[in-house]
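Student: Mind having a look at this structure? Questions to follow.
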Amino acid sequence: MKTSSANDTPKAVDKPTAWACTLANLATVPGLGSIAAGRKVGFVQAALALVALAASLVGTVQCYRLWLGAEQWPPEDGFPPGFWASLFTALGGVMLYAGAWLWALRSSLSLHREARQAAAAYPRHEPSPTPPRPPQL
């Protein structure tokens, strides 16, 4: 008896779903749209984005606290200890978030490519331009 799902491959999405997933990926948390599309990589993208957000927030708050603690800015005797580490933490978090966002963009483009291929494989049946005539009685 198999305990995992029988089909591990994600199903193809249609064009409107691909656009909704793209909007979720790029306008909210990176990876959220990938999760909505059934891609497991979205969990890694979302975790990376949340870790990056936390790192940038911690670094920014620490820099701000050190800035407020200084009597004059910029200090004459050099920056307070820990300032550069907290600044690099904040900037590293921003760069990590940008990487997660770009990864989510790539996943979104992949969804659009799959949706286009699925639409080409199964073309829609277009209605005929003239309606059929009703039967004569």
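The values are calculated or read from the model by the stated rules, or taken from the named source; none is laboratory data. If you're wondering where the values come from, they're calculated on a predicted model, not measured in any experiment. All Cβ positions, even for glycine, are placed from backbone atoms using ideal geometry, and neighbour counts span all protein chains on display.
Student: Give me the residue from the stretch 5-25 that is over 12 Å from residue 116 (Cα atoms), of a type outside the set (Ser, Thr, Tyr) and at pLDDT below 90 and, out of that set, surrounded by the fewest Cβ atoms within 10 Å (Cβ to Cβ).
Tutor: The extreme case among them is 6.
Student: Could you tell me whether any residue of the stretch 46-68 is surrounded by 15 or more Cβ atoms within 10 Å (Cβ to Cβ), under 13 Å from the mean Cα position of the chain (by Cα), touching a residue at least 60 places away in the same chain (Cβ under 8 Å) and not in a loop (DSSP other than H, G, I, E, B)?
Tutor: No, the conditions are met nowhere in the stretch 46-68.
Student: Let me confirm something: among 88, 79, which residue is in a loop (DSSP other than H, G, I, E, B) and of a type in the set (Phe, Trp, Tyr)? Before the answer, list the steps.
Tutor: Working: 88 fails: in a loop (DSSP other than H, G, I, E, B).
The match here is 79.
Student: While we're on this one: Do we have any residue at all in the stretch 107-116 that's closer than 30 Å to residue 17 by Cβ, out of contact with any helix residue (DSSP H, G or I) (no Cβ under 7 Å at 6 or more places or on another chain), at pLDDT below 95 and not in a helix (DSSP H, G or I)?
Tutor: Within the stretch 107-116 (the criterion being closer than 30 Å to residue 17 by Cβ, out of contact with any helix residue (DSSP H, G or I) (no Cβ under 7 Å at 6 or more places or on another chain), at pLDDT below 95 and not in a helix (DSSP H, G or I)), the answer is no, since none of the residues qualifies.
Student: Output the number of the condition that residue 37 fails; it satisfies all remaining conditions of (1) more than 18 Å from residue 10 (Cα to Cα); (2) in contact with a Leu (Cβ under 9 Å, 6 or more places away or on another chain).
Tutor: All conditions pass for residue 37, except number (1).
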